[in-house]
Amino acid sequence: FMFLWQSTPTSDGAFLYFMTEDLGFGPEFLGRVRLVTAVAGLFGVWAYQKFLRNVAIKDILFWSSIASTPLGLSTLLLITHANRDLGIPDGAFVFGDDVALAILGQVAFLPTLVLAARLCPPGVEAVLFATLMSIFNGASTVGTEVGALLTKALGVTESNFDNLALLTVICNISSLYPLLFIGWLDEVGSQSEEEIEEQAVVDTTAKAVDSKEC
């Protein structure tokens, strides 16, 4: 499921060309956006720890995927320049959209680490973490390559953005298809982080009692 979730196509490369060539954003502005989104990611970590530790992991993954779709589609306003008609400057729109997606991304990512910790047998933590990161990186590469193929197929280039809106729609809608397989997490993702921690304490206590009796 994690591989499917991370391997959906992305239009980031084409959208970067759009921001630099069509909107005229320079390296300084893009650097500020990256800085702000990094801070927003920290806020996402805090929000998860504060409000979502008692929510089932599967539910967090499901609803974060649902919420990310309209947020991703909101870039259509920027692509069509409809944001200007609404009185929203291009720069402000990019900041707001990226901040929201960064927060949501962290909220969705942290439960995967909790899930991995739950599945990890004692003594192989480093191997499991390395494997998980390899899965994420491999899936992201697949998503990027599929997105590049779609970009080429639709004729989107650094100077032609006629089909960028269609590309954005395809990439965002396709991000929902992994939800068809979310049932695979029924056995391992039905608990929240707090419940997993409580169960771990109970198991540790039981093992300690058993060892003393032996």
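A few remarks follow.
- Those residues of the stretch 9-60 which are of a type in the set (Val, Ile, Thr) and assigned to a helix (DSSP H, G or I), in sequence order: Thr20, Val33, Val36, Thr37, Val39, Val45, Ile57, Ile60
- Condition check for Trp63: within 23 Å of Leu4 (Cβ to Cβ) and open to solvent by 70 Å² or more (accessible area, probe 1.4 Å): yes
- Residue check for Asp98: of a type in the set (Asp, Glu) and farther than 25 Å from Val142 by Cα: no
- Residue satisfying all of: in the stretch 1-55; among the charged types (D, E, K, R) and surrounded by 15 or more Cβ atoms within 10 Å (Cβ to Cβ); farthest from the chain's Cα centre (by Cα) among these: Asp22
- Candidates Phe109, Phe181, Phe129 - the one that is of a type in the set (Phe, Trp, Tyr), closer than 25 Å to Ser7 by Cβ, crowded, with 17+ Cβ neighbours inside 10 Å and modelled with pLDDT of 75 or more: Phe109
- In the stretch 61-150, counting only helices (runs of 4 or more DSSP H) that sit wholly within it, the ones holding 2 or more residues that are over 20 Å from Met19 (Cα atoms) span 90-119.
- When the stretch 135-163 is filtered for residues that are of a type outside the set (Asp, Glu), more than 16 Å from Thr8 (Cα to Cα) and open to solvent by 50 Å² or more (accessible area, probe 1.4 Å), the ones remaining, listed by number, are Lys152, Ala153, Thr157, Ser159, Asn160, Asn163.
The values are calculated or read from the model by the stated rules, or taken from the named source; none is laboratory data. What you are looking at is a predicted structure, and each value in this text was computed from that prediction instead of being measured. So basically every Cβ, Gly included, is an ideal-geometry build from the backbone, and we count neighbours across all protein chains shown. Remember, those area values only see protein heavy atoms, side chains included, never the ligands or the DNA or RNA. Shrake-Rupley method; radii C 1.70, N 1.55, O 1.52, S 1.80 Å.
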